[in-house]
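Down below is the structure, laid out as structure tokens.
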Amino acid sequence: MDQAQSLREYMSRYNDKQQIPQSSRVITITSGKGGVGKSNFTLNFALALQGAGKKVVILDLDLSTANINILMGVSPRYSLIDVLYQKKEIWDIIQKGTYGIEYISGGLEIQDLMEFDQNKLWYFWRQIQKLQAYADFILLDTGAGISKELVDFILASDETILVTTPEPTAIADSYAVVKTVLQFSPQVPKLHLVVNRAQSYREAVETARTLKNACSNFLKIKLNSLGFLMEDDHVRKSVISQIPFYISYPNCAASKTIKQIVNTYLPDIDSSSLTVEPKGIRGFFEKVISFGKLTQ
Ligand SMILES: Nc1ncnc2c1ncn2[C@@H]1O[C@H](COP(=O)(O)OP(=O)(O)OP(=O)(O)O)[C@@H](O)[C@H]1O
Ligand SMILES: [Mg+2]
């Protein structure tokens with residue numbers, strides 16, 4: 001029996017014994033092109049979800065330039081690596097940001113998980129289980145670029161939010177993300193689109209239309225438009241002050257749009273949860289580990 005298989009068996013035995021009261025929903029936030037506003041969106045979306053009464057944990061999976069913590073003005077002490085190496089409890093590695101947002105630094109290559117013995121993996125798994133019952137939403141902030149690891153994250157998540165700007169390069173890279181994911185699996189979890197840094201509403205609509213049409217005509221994939229964020233200097237100012245714009249400028253255009261996105265998104269997922277149960281963080285790692293095994 002290989003490691004991934006034995007881990008899966010363990011997971012199902014463990015799950016049977018533990019009545020997990022609720023399932024976290026895992027959302028990957030990504031783009032093809034770097035610097036389009038993923039991390040700012042992730043953090044402020046998390047704050048707006050929290051404002052609507054949801055428990056949110058951000059998992060920073062941007063291994064090269066992880067910077068959500070900088071946007072929040074905190075420095076992470078531990079990462080998921082410490083759960084594996086140091087037997088830290090999941091509660092020890094959750095960093096509380098100043099605004100109540102909880103944050104976990106990934107610090108982990110999926111490959112790392114494949115190199116551990118069963119005892120370590122099972123311990124890791126038990127810790128991940130705790131998160132499942134703890135958070136309503138786990139937002140994964142990813143780095144720039146299209147990698148196999150990103151494809152795995154998208155396929156293992158419950159939903160993905162693609163962030164693009166109106167620049168043709170950003171649109172092309174977002175399209176490339178969807179196309180690449182499809183090369184690995186015909187079954188793609190729900191994909192949402194956020195247009196960021198538009199100069200006008202018209203430009204945002206045109207950007208969404210271009211990308212949605214390309215995905216629908218050439219890839220037969222439907223993108224759900226979540227919202228349009230305009231170019232807003234409050235975003236840059238909030239990065240400089242290291243206070244998220246949703247907190248420092250609650251009435252700026254970007255904050256209002258984020259709030260509006262949450263207001264339309266939450267009722268939508270409440271109705272879809274009746275038919276599709278989220279796989280959650282448990283399902284996420286289960287899938288990611290098995291993908292890793294397949295490509296070894
Ligand atoms: N709506 C906006 N209006 C004005 N400036 C913005 C907006 N969104 C993002 N920016 C600017 O873009 C910069 C990059 O944003 P952010 O770090 O969120 O991008 P990213 O996609 O996470 O980048 P990376 O790919 O490097 O992780 C911000 O520091 C900010 O100055
Ligand atoms: Mg980022």
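At a glance:
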quantity: Inter-probe distance in nm under a simple model that places probes 7 Å from Cα toward Cβ, at Asp268 and Phe218; calculated: 2.4
quantity: Probe 1.4 Å - accessible area at Tyr201, Å² to nearest ten; calculated: 150
quantity: Region 248-263 - phi-based ³J(HN,Hα) in whole Hz, Karplus 6.51/-1.76/1.60, Gly and Pro as x; calculated: 7, 10, x, 9, 6, 4, 5, 5, 4, 5, 4, 4, 5, 4, 5, 5
quantity: Anchor Lys87: lysines whose Cα lies under 29 Å away (excluding residues fewer than 8 positions away in-chain); calculated: Lys17, Lys54, Lys55, Lys96, Lys120, Lys130, Lys148, Lys279, Lys287, Lys293
quantity: Carbon and sulfur %, accessible surface of region 190-293 computed with the full protein complex present, 1.4 Å; calculated: 54
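The values are calculated or read from the model by the stated rules, or taken from the named source; none is laboratory data. Worth saying up front: this structure is predicted, and the values here are computed from it rather than measured. Positions of Cβ are backbone-derived with ideal geometry, glycine not excepted, and every protein chain shown enters the neighbour counts. SASA here: full protein model, heavy atoms, side chains in, ligands and nucleic acids out. Shrake-Rupley method; radii C 1.70, N 1.55, O 1.52, S 1.80 Å.
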